[in-house]
Amino acid sequence: MTFLARADGELQLDGVSLAEVARRFGTPCYVYSRAAIESAYRAFDEGLAGIDHTVCYAVKANSNLAVLDILRRLGAGFDIVSGGELARVLAAGGSAGRVVFSGVGKSEAEIRAALAAGIACFNVESEPELERLDGLAGAAGVRAPVALRVNPDVDARTHPYISTGLAGNKFGIPHAAALAAYRRAARLPNLRVAGIGTHIGSQILDTAPLDEALERVLELVDALASEDIGLEHLDLGGGLGIRYRDEEPPDIRAYCGRLARRLAGRGLRLLLEPGRAIVGAAGVLLTRVEYLKLDKARRFAVVDASMSELLRPALYESWHEIVPVSTAASGRETARYDVVGPVCESSDVLGLDRDLAVRQGDLLAILAAGAYGMAMSSNYNSRPRPCEVLVDRGAAVEVRSRERVEALYALERTLPAG
Ligand SMILES: *Cc1c(COP(=O)(O)O)cnc(C)c1O
(Lines give C-alpha, C1' and ligand atoms only; values in the text may rest on other atoms or scores of the structure.)
Protein backbone atom coordinates (compact mmCIF):
# COMPACT_ATOMS: atom_id res chain seq x y z
CA MET A 1 0.00 0.00 0.00
CA THR A 2 2.45 2.52 -1.18
CA PHE A 3 -0.13 5.30 -1.25
CA LEU A 4 -0.16 5.24 2.58
CA ALA A 5 2.92 6.74 4.19
CA ARG A 6 4.03 8.49 7.34
CA ALA A 7 5.63 11.91 7.46
CA ASP A 8 6.90 12.98 10.90
CA GLY A 9 4.77 10.23 12.40
CA GLU A 10 1.57 11.46 10.70
CA LEU A 11 -0.25 9.02 8.45
CA GLN A 12 -0.88 10.37 4.96
CA LEU A 13 -2.89 9.03 2.07
CA ASP A 14 -1.41 10.17 -1.24
CA GLY A 15 0.28 13.01 0.60
CA VAL A 16 -2.88 14.20 2.38
CA SER A 17 -2.82 14.15 6.18
CA LEU A 18 -5.49 11.84 7.55
CA ALA A 19 -5.63 13.88 10.75
CA GLU A 20 -6.52 16.86 8.58
CA VAL A 21 -9.21 14.83 6.77
CA ALA A 22 -10.69 13.89 10.17
CA ARG A 23 -10.59 17.53 11.28
CA ARG A 24 -12.39 18.70 8.15
CA PHE A 25 -14.95 15.96 7.72
CA GLY A 26 -15.26 14.29 11.13
CA THR A 27 -15.23 10.62 12.02
CA PRO A 28 -16.08 7.89 11.25
CA CYS A 29 -15.11 8.60 7.67
CA TYR A 30 -14.09 6.48 4.70
CA VAL A 31 -11.15 7.82 2.69
CA TYR A 32 -10.19 6.45 -0.73
CA SER A 33 -7.24 7.04 -3.03
CA ARG A 34 -8.03 7.76 -6.65
CA ALA A 35 -4.47 6.86 -7.62
CA ALA A 36 -4.72 3.46 -5.93
CA ILE A 37 -8.02 2.66 -7.65
CA GLU A 38 -6.60 3.68 -11.02
CA SER A 39 -3.42 1.74 -10.54
CA ALA A 40 -5.30 -1.47 -9.66
CA TYR A 41 -7.64 -1.06 -12.64
CA ARG A 42 -4.67 -0.52 -14.96
CA ALA A 43 -2.98 -3.68 -13.69
CA PHE A 44 -5.97 -5.67 -15.01
CA ASP A 45 -6.39 -3.67 -18.18
CA GLU A 46 -2.71 -3.68 -19.14
CA GLY A 47 -2.26 -7.31 -18.10
CA LEU A 48 -4.97 -8.27 -20.59
CA ALA A 49 -3.67 -5.98 -23.32
CA GLY A 50 -2.84 -8.93 -25.59
CA ILE A 51 -6.47 -9.94 -26.09
CA ASP A 52 -9.89 -8.40 -26.60
CA HIS A 53 -11.21 -7.77 -23.09
CA THR A 54 -13.42 -5.70 -20.81
CA VAL A 55 -12.72 -5.23 -17.12
CA CYS A 56 -16.20 -5.05 -15.59
CA TYR A 57 -15.76 -3.58 -12.12
CA ALA A 58 -18.03 -5.33 -9.59
CA VAL A 59 -20.11 -2.41 -8.38
CA LYS A 60 -21.14 -4.09 -5.15
CA ALA A 61 -17.63 -3.79 -3.72
CA ASN A 62 -17.88 0.01 -3.54
CA SER A 63 -20.67 1.73 -5.38
CA ASN A 64 -19.97 5.40 -4.67
CA LEU A 65 -20.67 7.42 -7.83
CA ALA A 66 -17.23 9.01 -7.71
CA VAL A 67 -15.58 5.58 -7.71
CA LEU A 68 -17.75 4.48 -10.64
CA ASP A 69 -16.93 7.69 -12.49
CA ILE A 70 -13.18 7.21 -12.01
CA LEU A 71 -13.41 3.72 -13.47
CA ARG A 72 -15.77 4.73 -16.28
CA ARG A 73 -13.27 7.35 -17.41
CA LEU A 74 -10.62 4.63 -17.66
CA GLY A 75 -12.89 2.59 -19.91
CA ALA A 76 -14.14 0.07 -17.36
CA GLY A 77 -17.34 -1.89 -17.79
CA PHE A 78 -19.47 -2.78 -14.78
CA ASP A 79 -20.79 -5.95 -13.21
CA ILE A 80 -24.08 -5.23 -11.44
CA VAL A 81 -26.27 -7.38 -9.21
CA SER A 82 -29.38 -5.21 -8.90
CA GLY A 83 -31.48 -2.53 -10.53
CA GLY A 84 -30.12 -0.13 -7.93
CA GLU A 85 -26.59 -0.75 -9.15
CA LEU A 86 -27.68 -0.21 -12.76
CA ALA A 87 -29.15 3.14 -11.76
CA ARG A 88 -25.89 4.07 -10.03
CA VAL A 89 -23.79 3.17 -13.07
CA LEU A 90 -26.02 5.27 -15.33
CA ALA A 91 -26.04 8.14 -12.82
CA ALA A 92 -22.23 8.08 -12.84
CA GLY A 93 -22.25 8.43 -16.62
CA GLY A 94 -21.45 4.78 -17.33
CA SER A 95 -22.75 3.28 -20.52
CA ALA A 96 -25.27 0.43 -20.35
CA GLY A 97 -23.50 -1.20 -23.29
CA ARG A 98 -20.62 -2.06 -20.95
CA VAL A 99 -22.76 -3.51 -18.17
CA VAL A 100 -23.20 -7.19 -17.32
CA PHE A 101 -25.94 -8.20 -14.88
CA SER A 102 -25.23 -11.04 -12.43
CA GLY A 103 -27.28 -12.48 -9.57
CA VAL A 104 -29.62 -15.38 -8.81
CA GLY A 105 -32.78 -13.39 -8.18
CA LYS A 106 -33.29 -10.77 -10.87
CA SER A 107 -36.83 -9.42 -10.54
CA GLU A 108 -39.10 -8.63 -13.48
CA ALA A 109 -38.72 -4.91 -12.81
CA GLU A 110 -34.93 -5.20 -12.75
CA ILE A 111 -34.86 -7.18 -15.98
CA ARG A 112 -37.18 -4.68 -17.69
CA ALA A 113 -34.98 -1.78 -16.61
CA ALA A 114 -31.86 -3.53 -17.88
CA LEU A 115 -33.52 -4.38 -21.21
CA ALA A 116 -34.66 -0.79 -21.61
CA ALA A 117 -31.17 0.49 -20.86
CA GLY A 118 -29.65 -1.98 -23.35
CA ILE A 119 -27.05 -3.69 -21.18
CA ALA A 120 -24.29 -5.81 -22.73
CA CYS A 121 -25.24 -9.14 -21.16
CA PHE A 122 -27.43 -10.93 -18.65
CA ASN A 123 -25.46 -13.50 -16.67
CA VAL A 124 -28.31 -15.98 -16.23
CA GLU A 125 -28.18 -18.32 -13.27
CA SER A 126 -31.10 -20.72 -13.83
CA GLU A 127 -33.48 -22.10 -16.48
CA PRO A 128 -36.50 -20.31 -14.95
CA GLU A 129 -34.55 -17.07 -15.30
CA LEU A 130 -33.97 -17.87 -19.00
CA GLU A 131 -37.73 -18.26 -19.45
CA ARG A 132 -38.48 -15.03 -17.62
CA LEU A 133 -35.88 -13.11 -19.58
CA ASP A 134 -37.13 -14.50 -22.89
CA GLY A 135 -40.71 -13.47 -22.05
CA LEU A 136 -39.79 -9.97 -20.97
CA ALA A 137 -37.47 -9.44 -23.96
CA GLY A 138 -40.28 -10.55 -26.27
CA ALA A 139 -42.69 -8.13 -24.63
CA ALA A 140 -40.14 -5.33 -25.03
CA GLY A 141 -39.52 -6.25 -28.65
CA VAL A 142 -35.80 -6.87 -28.17
CA ARG A 143 -33.42 -9.82 -28.10
CA ALA A 144 -31.64 -10.17 -24.80
CA PRO A 145 -27.92 -11.02 -24.83
CA VAL A 146 -27.25 -13.87 -22.40
CA ALA A 147 -24.39 -15.76 -20.84
CA LEU A 148 -25.05 -18.68 -18.57
CA ARG A 149 -23.25 -18.60 -15.27
CA VAL A 150 -21.85 -22.06 -14.91
CA ASN A 151 -20.96 -23.46 -11.54
CA PRO A 152 -17.74 -25.36 -12.28
CA ASP A 153 -17.75 -27.23 -8.94
CA VAL A 154 -14.27 -26.14 -7.96
CA ASP A 155 -13.27 -25.13 -4.46
CA ALA A 156 -11.99 -21.56 -4.33
CA ARG A 157 -10.39 -22.41 -0.97
CA THR A 158 -11.61 -19.22 0.63
CA HIS A 159 -14.07 -18.43 3.46
CA PRO A 160 -17.25 -20.56 3.03
CA TYR A 161 -19.42 -17.41 3.10
CA ILE A 162 -17.61 -16.01 0.07
CA SER A 163 -17.14 -19.26 -1.84
CA THR A 164 -19.58 -19.56 -4.72
CA GLY A 165 -18.25 -22.17 -7.14
CA LEU A 166 -19.04 -25.41 -5.33
CA ALA A 167 -21.89 -27.71 -6.31
CA GLY A 168 -23.77 -27.10 -3.05
CA ASN A 169 -24.27 -23.35 -3.22
CA LYS A 170 -27.02 -21.30 -4.77
CA PHE A 171 -25.03 -19.72 -7.59
CA GLY A 172 -24.95 -20.68 -11.24
CA ILE A 173 -26.08 -23.62 -13.31
CA PRO A 174 -24.38 -26.94 -12.48
CA HIS A 175 -21.64 -27.79 -14.94
CA ALA A 176 -23.39 -31.04 -15.88
CA ALA A 177 -26.63 -29.20 -16.71
CA ALA A 178 -24.99 -26.42 -18.72
CA LEU A 179 -25.18 -27.98 -22.18
CA ALA A 180 -28.90 -28.66 -21.86
CA ALA A 181 -29.49 -25.11 -20.60
CA TYR A 182 -27.56 -23.68 -23.58
CA ARG A 183 -29.62 -25.77 -26.02
CA ARG A 184 -32.73 -24.37 -24.36
CA ALA A 185 -31.40 -20.79 -24.50
CA ALA A 186 -30.46 -21.17 -28.16
CA ARG A 187 -34.06 -22.18 -28.99
CA LEU A 188 -35.75 -19.35 -27.12
CA PRO A 189 -36.73 -16.74 -29.71
CA ASN A 190 -35.97 -13.56 -27.78
CA LEU A 191 -32.53 -14.48 -26.51
CA ARG A 192 -29.15 -14.17 -28.15
CA VAL A 193 -26.54 -16.51 -26.71
CA ALA A 194 -23.53 -14.25 -26.25
CA GLY A 195 -21.23 -15.84 -23.73
CA ILE A 196 -20.45 -18.02 -20.79
CA GLY A 197 -19.58 -16.97 -17.27
CA THR A 198 -18.39 -18.23 -13.95
CA HIS A 199 -17.44 -16.71 -10.59
CA ILE A 200 -16.10 -19.08 -7.95
CA GLY A 201 -15.70 -16.88 -4.90
CA SER A 202 -13.97 -13.93 -3.33
CA GLN A 203 -10.66 -13.15 -1.60
CA ILE A 204 -9.00 -15.90 -3.65
CA LEU A 205 -5.28 -16.12 -2.95
CA ASP A 206 -4.35 -19.20 -4.93
CA THR A 207 -5.05 -18.93 -8.65
CA ALA A 208 -5.12 -22.72 -9.18
CA PRO A 209 -8.91 -22.93 -8.62
CA LEU A 210 -9.41 -20.05 -11.07
CA ASP A 211 -7.28 -21.87 -13.64
CA GLU A 212 -9.28 -25.03 -13.04
CA ALA A 213 -12.56 -23.12 -13.50
CA LEU A 214 -11.24 -21.65 -16.75
CA GLU A 215 -10.37 -25.09 -18.12
CA ARG A 216 -13.79 -26.45 -17.19
CA VAL A 217 -15.48 -23.51 -18.89
CA LEU A 218 -13.29 -23.90 -21.99
CA GLU A 219 -14.40 -27.55 -22.24
CA LEU A 220 -17.96 -26.26 -22.39
CA VAL A 221 -17.06 -23.64 -24.99
CA ASP A 222 -15.69 -26.40 -27.20
CA ALA A 223 -18.65 -28.70 -26.59
CA LEU A 224 -21.01 -25.86 -27.52
CA ALA A 225 -19.04 -25.02 -30.64
CA SER A 226 -19.44 -28.62 -31.80
CA GLU A 227 -23.21 -28.07 -31.56
CA ASP A 228 -22.98 -24.82 -33.49
CA ILE A 229 -23.62 -22.69 -30.44
CA GLY A 230 -20.91 -20.09 -30.86
CA LEU A 231 -19.95 -17.70 -28.07
CA GLU A 232 -18.55 -14.18 -28.25
CA HIS A 233 -17.19 -13.87 -24.76
CA LEU A 234 -16.02 -15.71 -21.70
CA ASP A 235 -16.52 -14.08 -18.29
CA LEU A 236 -14.24 -15.40 -15.56
CA GLY A 237 -15.86 -13.34 -12.80
CA GLY A 238 -13.99 -11.64 -9.99
CA GLY A 239 -12.54 -12.88 -6.76
CA LEU A 240 -8.83 -12.03 -6.71
CA GLY A 241 -7.80 -11.43 -3.12
CA ILE A 242 -5.85 -8.62 -1.47
CA ARG A 243 -3.53 -8.37 1.51
CA TYR A 244 -5.30 -7.64 4.77
CA ARG A 245 -2.62 -9.03 7.06
CA ASP A 246 0.14 -11.21 5.67
CA GLU A 247 -1.60 -12.83 2.72
CA GLU A 248 0.32 -13.10 -0.53
CA PRO A 249 -2.24 -12.16 -3.18
CA PRO A 250 -1.54 -13.10 -6.77
CA ASP A 251 0.13 -10.45 -8.90
CA ILE A 252 -2.70 -9.05 -11.03
CA ARG A 253 -0.61 -8.21 -14.10
CA ALA A 254 1.09 -11.60 -14.15
CA TYR A 255 -2.19 -13.44 -13.65
CA CYS A 256 -3.89 -11.47 -16.43
CA GLY A 257 -0.91 -12.05 -18.70
CA ARG A 258 -1.28 -15.78 -18.21
CA LEU A 259 -5.01 -15.55 -18.97
CA ALA A 260 -4.30 -13.62 -22.14
CA ARG A 261 -1.81 -16.24 -23.31
CA ARG A 262 -4.17 -19.10 -22.51
CA LEU A 263 -6.98 -17.49 -24.52
CA ALA A 264 -4.91 -16.12 -27.39
CA GLY A 265 -6.22 -17.18 -30.78
CA ARG A 266 -9.57 -18.37 -29.49
CA GLY A 267 -11.47 -15.36 -30.78
CA LEU A 268 -13.25 -14.96 -27.45
CA ARG A 269 -13.45 -11.64 -25.67
CA LEU A 270 -12.49 -12.04 -22.02
CA LEU A 271 -14.49 -10.32 -19.30
CA LEU A 272 -13.30 -10.09 -15.71
CA GLU A 273 -15.40 -8.79 -12.82
CA PRO A 274 -12.93 -7.70 -10.12
CA GLY A 275 -14.28 -5.76 -7.16
CA ARG A 276 -12.14 -6.13 -4.06
CA ALA A 277 -8.88 -6.23 -6.01
CA ILE A 278 -9.63 -2.77 -7.47
CA VAL A 279 -10.89 -0.85 -4.45
CA GLY A 280 -10.02 -2.90 -1.34
CA ALA A 281 -6.54 -1.63 -0.67
CA ALA A 282 -7.47 1.87 -1.83
CA GLY A 283 -9.53 2.81 1.21
CA VAL A 284 -9.25 3.34 4.96
CA LEU A 285 -11.88 3.92 7.63
CA LEU A 286 -10.92 6.73 9.99
CA THR A 287 -12.24 6.45 13.52
CA ARG A 288 -11.66 8.13 16.88
CA VAL A 289 -11.13 6.49 20.24
CA GLU A 290 -14.08 7.42 22.48
CA TYR A 291 -13.00 5.54 25.59
CA LEU A 292 -10.36 3.18 26.85
CA LYS A 293 -12.16 0.68 29.03
CA LEU A 294 -9.63 -0.93 31.31
CA ASP A 295 -11.78 -2.20 34.15
CA LYS A 296 -12.37 -5.61 32.63
CA ALA A 297 -10.38 -8.78 32.20
CA ARG A 298 -9.75 -7.52 28.67
CA ARG A 299 -8.89 -4.00 27.63
CA PHE A 300 -11.21 -2.32 25.17
CA ALA A 301 -10.62 0.61 22.88
CA VAL A 302 -14.16 1.80 22.19
CA VAL A 303 -14.13 3.74 18.92
CA ASP A 304 -16.73 5.75 17.02
CA ALA A 305 -16.90 3.26 14.12
CA SER A 306 -18.72 -0.03 14.47
CA MET A 307 -20.14 -3.02 12.65
CA SER A 308 -22.68 -0.59 11.18
CA GLU A 309 -19.87 1.11 9.24
CA LEU A 310 -17.59 -1.91 8.69
CA LEU A 311 -19.35 -5.26 8.96
CA ARG A 312 -16.65 -7.60 7.69
CA PRO A 313 -14.99 -8.42 11.03
CA ALA A 314 -18.37 -9.21 12.63
CA LEU A 315 -19.67 -11.09 9.60
CA TYR A 316 -16.63 -13.07 8.46
CA GLU A 317 -14.24 -12.64 11.39
CA SER A 318 -12.04 -10.89 8.87
CA TRP A 319 -8.89 -9.09 9.96
CA HIS A 320 -8.17 -5.45 9.16
CA GLU A 321 -4.96 -3.77 10.23
CA ILE A 322 -5.62 -0.92 12.68
CA VAL A 323 -2.97 1.75 13.15
CA PRO A 324 -2.77 5.09 14.96
CA VAL A 325 -3.04 8.08 12.62
CA SER A 326 -0.30 9.78 14.60
CA THR A 327 2.68 8.10 16.16
CA ALA A 328 4.28 11.44 16.97
CA ALA A 329 2.38 12.12 20.20
CA SER A 330 4.31 11.18 23.29
CA GLY A 331 3.33 9.56 26.57
CA ARG A 332 1.39 6.64 25.15
CA GLU A 333 2.09 3.17 26.37
CA THR A 334 1.47 0.20 24.18
CA ALA A 335 -1.18 -2.17 25.46
CA ARG A 336 -3.27 -4.94 23.98
CA TYR A 337 -6.83 -3.91 23.15
CA ASP A 338 -9.95 -5.26 21.57
CA VAL A 339 -11.04 -2.46 19.25
CA VAL A 340 -14.83 -2.37 19.47
CA GLY A 341 -17.67 -0.09 18.43
CA PRO A 342 -20.62 1.41 20.31
CA VAL A 343 -23.23 -0.95 18.82
CA CYS A 344 -25.12 -3.16 21.25
CA GLU A 345 -23.85 -6.52 19.99
CA SER A 346 -20.96 -8.58 21.30
CA SER A 347 -19.98 -9.20 17.69
CA ASP A 348 -19.42 -5.46 17.22
CA VAL A 349 -15.69 -5.93 16.95
CA LEU A 350 -13.29 -4.22 14.53
CA GLY A 351 -10.14 -5.95 15.72
CA LEU A 352 -9.18 -8.31 18.55
CA ASP A 353 -5.93 -8.32 20.50
CA ARG A 354 -4.29 -5.29 18.92
CA ASP A 355 -1.18 -3.79 20.40
CA LEU A 356 -1.77 -0.07 20.27
CA ALA A 357 -0.23 2.99 21.87
CA VAL A 358 -3.36 5.13 22.15
CA ARG A 359 -5.22 7.50 24.38
CA GLN A 360 -8.81 8.63 24.46
CA GLY A 361 -9.44 11.03 21.57
CA ASP A 362 -6.76 9.55 19.30
CA LEU A 363 -7.47 8.76 15.68
CA LEU A 364 -7.11 5.27 14.27
CA ALA A 365 -7.09 4.16 10.65
CA ILE A 366 -8.61 0.79 9.75
CA LEU A 367 -6.78 -0.28 6.61
CA ALA A 368 -7.82 -2.06 3.41
CA ALA A 369 -11.43 -0.98 3.97
CA GLY A 370 -12.19 0.20 0.43
CA ALA A 371 -14.18 -2.89 -0.57
CA TYR A 372 -17.32 -4.20 1.14
CA GLY A 373 -16.97 -1.46 3.75
CA MET A 374 -19.34 1.42 3.03
CA ALA A 375 -21.17 -0.87 0.59
CA MET A 376 -22.17 -3.21 3.44
CA SER A 377 -22.86 -0.46 5.97
CA SER A 378 -26.21 -0.18 7.68
CA ASN A 379 -28.09 2.15 9.97
CA TYR A 380 -28.25 -0.40 12.78
CA ASN A 381 -28.61 1.33 16.13
CA SER A 382 -29.85 4.38 14.16
CA ARG A 383 -26.35 5.34 13.23
CA PRO A 384 -26.15 7.74 10.28
CA ARG A 385 -23.85 6.39 7.57
CA PRO A 386 -20.38 7.96 7.56
CA CYS A 387 -19.12 10.38 4.94
CA GLU A 388 -16.79 9.29 2.13
CA VAL A 389 -13.80 11.30 1.00
CA LEU A 390 -11.74 10.77 -2.12
CA VAL A 391 -8.14 11.92 -2.29
CA ASP A 392 -7.50 13.14 -5.79
CA ARG A 393 -4.10 14.55 -6.75
CA GLY A 394 -3.33 15.88 -3.31
CA ALA A 395 -6.81 17.21 -2.52
CA ALA A 396 -9.44 15.65 -0.25
CA VAL A 397 -12.92 15.83 -1.77
CA GLU A 398 -16.06 14.77 0.08
CA VAL A 399 -17.88 12.44 -2.33
CA ARG A 400 -20.69 11.49 0.02
CA SER A 401 -21.92 13.59 2.91
CA ARG A 402 -22.37 12.17 6.34
CA GLU A 403 -26.00 11.09 6.60
CA ARG A 404 -28.24 13.42 8.57
CA VAL A 405 -30.08 11.94 11.53
CA GLU A 406 -33.44 13.08 10.11
CA ALA A 407 -32.75 11.01 6.98
CA LEU A 408 -32.88 7.90 9.15
CA TYR A 409 -36.63 8.22 9.68
CA ALA A 410 -37.64 10.49 6.81
CA LEU A 411 -39.60 7.66 5.15
CA GLU A 412 -41.41 6.62 8.33
CA ARG A 413 -44.71 7.82 9.70
CA THR A 414 -46.67 7.26 12.86
CA LEU A 415 -50.25 5.95 12.84
CA PRO A 416 -53.07 8.49 12.62
CA ALA A 417 -54.29 9.73 15.99
CA GLY A 418 -56.83 7.45 17.74
C1 LIG B 1 -19.11 -10.29 -5.84
C2 LIG B 1 -18.94 -10.64 -7.27
C3 LIG B 1 -17.81 -10.20 -7.97
C4 LIG B 1 -16.69 -9.44 -7.32
O5 LIG B 1 -15.99 -10.21 -6.41
P6 LIG B 1 -14.61 -9.68 -5.79
O7 LIG B 1 -14.21 -10.76 -4.88
O8 LIG B 1 -14.91 -8.41 -5.09
O9 LIG B 1 -13.67 -9.48 -6.92
C10 LIG B 1 -17.74 -10.48 -9.31
N11 LIG B 1 -18.73 -11.18 -9.95
C12 LIG B 1 -19.81 -11.64 -9.29
C13 LIG B 1 -20.84 -12.39 -10.03
C14 LIG B 1 -19.96 -11.39 -7.94
O15 LIG B 1 -21.03 -11.85 -7.29
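The values are calculated or read from the model by the stated rules, or taken from the named source; none is laboratory data. In this text the structure is predicted, and so the values were computed from the model without any measurement. Because the Cβ atoms are built from the backbone with ideal geometry, glycine has one as well, and the counts that use them run over all protein chains shown. The area values use the complete protein model at the heavy-atom level, side chains included, leaving out ligands, DNA and RNA. Shrake-Rupley method; radii C 1.70, N 1.55, O 1.52, S 1.80 Å.
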The listed residue being open to solvent by 20 Å² or more (accessible area, probe 1.4 Å) and without any contact (Cβ under 8 Å) to a residue 12 or more places away in the chain, out of 375, 417, 395, 407: 417
Residue list for segment 37-78, restricted to those being of a type in the set (Val, Ile, Thr) and in a helix (DSSP H, G or I): 37, 59, 67, 70
Options 343, 339: the member that is out of contact with any helix residue (DSSP H, G or I) (no Cβ under 8 Å at 6 or more places or on another chain) and in a loop (DSSP other than H, G, I, E, B): 343
Exclusive hit being open to solvent by 40 Å² or more (accessible area, probe 1.4 Å), farther than 29 Å from residue 169 by Cβ and at pLDDT 95 or above, set 87, 91, 109, 113: 91
Residue in segment 47-58 that is touching a helix residue (DSSP H, G or I) at 6+ places or on another chain (Cβ under 6 Å), of a type outside the set (Ser, Thr, Tyr), open to solvent by less than 30 Å² (accessible area, probe 1.4 Å) and more than 16 Å from the ligand (Cβ to nearest atom) present: yes
Condition broken by residue 251, with the remaining ones in (1) open to solvent by 10 Å² or more (accessible area, probe 1.4 Å); (2) at positive phi satisfied: (2)
Pairs, first outside the structural domain of residue 349 (by TED's automatic domain parsing) and within 10 Å of residue 360 (Cβ to Cβ) in segment 289-303, second open to solvent by 80 Å² or more (accessible area, probe 1.4 Å) and among the acidic types (Asp, Glu), C-beta under 7 Å, six or more apart: none
Counted residues, segment 83-124 - those being of a type outside the set (A, V, I, L, M, F, W, C), over 19 Å from residue 270 (Cα atoms), touching a residue at least 12 places away in the same chain (Cβ under 8 Å) and within 13 Å of the ligand (Cβ to nearest atom): 3
Scan of segment 304-326 for residues that are among the β-branched types (Val, Ile, Thr) and either open to solvent by 10 Å² or more (accessible area, probe 1.4 Å) or outside the structural domain of residue 344 (by TED's automatic domain parsing) (or both), ordered by number: 322, 323
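Rundown of residues vs (1) within 16 Å of the ligand (Cβ to nearest atom); (2) free of Cβ contacts under 8 Å to residues at least 24 places away in the same chain; (3) outside any helix (DSSP H, G or I), yes/no style:
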| position | (1), (2), (3) |
| --- | --- |
| 128 | no, yes, no |
| 147 | yes, no, yes |
| 154 | yes, no, yes |
| 196 | yes, no, yes |
| 217 | yes, no, no |
| 222 | no, yes, no |
| 231 | no, no, yes |
Total residues in segment 233-251, condition more than 9 Å from the ligand (Cβ to nearest atom) and either more than 22 Å from residue 318 (Cα to Cα) or touching a Phe, Trp or Tyr at 6+ places or on another chain (Cβ under 7 Å) (or both): 5
Residue in segment 319-328 that is among the aromatic types (Phe, Trp, Tyr), over 17 Å from residue 383 (Cβ atoms) and assigned to a loop (DSSP other than H, G, I, E, B) present: yes
Matching residues, segment 256-277, being within 13 Å of the ligand (Cβ to nearest atom) and part of a helix (DSSP H, G or I): 276, 277
